[in-house]
Amino acid sequence: MVITIAAHKGGVGKSTTAVHLASCLSRIAPTLLIDADMNRSVMRQWATKGKLPFKVVDERQAAMYTRQYEHTVIDTEAGADEDDLKAVVGGCHLLVLPCTPDPLSIGALMSTIGTLKRIEASRYRVLLTIIPPKPNRDGEDARELLEKHGLPLFRRGIRRTVAFQRAVLEGTTVDQVDRTGLASLDYDRVAEEMVTLVDRYVRRSVTA
Ligand code: ADP
């Protein structure tokens, strides 16, 4: 399974999503994370501490490793142009688009979705991230708005939790800093939905 995480705007939890979905997949089978984002946040902030339960390489090293791993998660930037997105979509089973519930992030997402629609891509899902806790309604409002526009969203979003920031500082995943398991629950649910979706895509392409 090849999953690409892309965002047109920084700070939306893209690297955090790549790390945590890779962590979920690594519980099922050996997983490789390719850090193809030029900021190299995963490699610099996480992988150097050597605590992640999966291998991290950059795109220049990837060819040496992919065959050894069942699942690959790619952390990348999404270019605005069609050719760039076509290449990204053509290189994965599912494109995950993290988006925070605020106008700037939603605006950037809409531009990416516009391009995805033009190139007739269908294997993508929007993931709402860093959702402020209730009674704040930003998460629900963003979901309603995106659904009204017919965008495909993961059923579950990722709530804002301070444990994610602690996890970056310690170079590990959130389940290691929050033993209650509550902070990691959202990514666990998203990973379950993602595996089901990809299974469906793969089965459809085999029978087509
Ligand atoms: P990007 O890769 O899109 O630039 P990051 O994954 O680096 O975004 O996240 C940006 C910041 O938000 C980081 O400080 C990260 O720890 C924090 N963050 C990400 N997800 C969450 C979350 N669910 N709750 C709280 N903070 C988060």
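The values are calculated or read from the model by the stated rules, or taken from the named source; none is laboratory data. These numbers were taken from a predicted model, which means no experiment stands behind them. In this analysis, Cβ positions are derived from the backbone assuming ideal geometry, glycine residues included, and neighbour counts consider all displayed protein chains. The accessibility values were calculated without ligands, DNA or RNA, using every heavy atom of the protein model including side chains. Shrake-Rupley method; radii C 1.70, N 1.55, O 1.52, S 1.80 Å.
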Practice item. Go through (1) more than 16 Å from the ligand (Cβ to nearest atom); (2) assigned to a helix (DSSP H, G or I); (3) without any contact (Cβ under 8 Å) to a residue 60 or more places away in the chain; (4) touching a strand residue (DSSP E or B) at 6+ places or on another chain (Cβ under 7 Å) one by one and return the number of the condition Thr196 breaks. Key: (4)
Practice item. For Ala121, indicate whether it is open to solvent by less than 70 Å² (accessible area, probe 1.4 Å), over 16 Å from the mean Cα position of the chain (by Cα) and within 15 Å of the ligand (Cβ to nearest atom). Key: no
Review point. How many residues does the range 16-51 hold that are away from the ligand (no atom under 14 Å from the Cβ) and closer than 21 Å to Val198 by Cα?
Key: 10
Revision key, fill the gap. Expected single match for more than 19 Å from Ala7 (Cα to Cα), part of a helix (DSSP H, G or I), open to solvent by less than 20 Å² (accessible area, probe 1.4 Å) and of a type outside the set (Lys, Arg) among Ser184, Ser205 is Ser184
Exercise for review: Scan the range 172-181 and give yes if some residue there is under 17 Å from the mean Cα position of the chain (by Cα), part of a loop (DSSP other than H, G, I, E, B) and either under 24 Å from Pro135 (Cα atoms) or of a type outside the set (Gly, Ala, Ser) (or both), otherwise no.
Suggested key: yes
**Study point:** Residue count, the range 68-87 (criterion: surrounded by fewer than 22 Cβ atoms within 10 Å (Cβ to Cβ), farther than 29 Å from Glu140 by Cβ and either within 16 Å of the ligand (Cβ to nearest atom) or of a type in the set (D, E, K, R) (or both))
**Key:** 7
Check your understanding: Across the range 1-30, what is the total count of residues that are touching a helix residue (DSSP H, G or I) at 6+ places or on another chain (Cβ under 7 Å) and open to solvent by less than 40 Å² (accessible area, probe 1.4 Å)?
Key -> 15
Check your understanding: So Asn136 clears everything in (1) over 20 Å from Thr16 (Cα atoms); (2) surrounded by 20 or more Cβ atoms within 10 Å (Cβ to Cβ); (3) within 16 Å of the ligand (Cβ to nearest atom) except one condition, right? Which one?
Key -> (2)
Review point. How many of the residues making up the range 98-142 are out of contact with any Gly (no Cβ under 7 Å at 6 or more places or on another chain) and assigned to a helix (DSSP H, G or I)?
Key: 20
Exercise for review: Please indicate, with yes or no, whether at least one residue in the range 158-168 is over 26 Å from Val42 (Cα atoms) and either surrounded by fewer than 19 Cβ atoms within 10 Å (Cβ to Cβ) or within 16 Å of the ligand (Cβ to nearest atom) (or both).
Suggested key: no
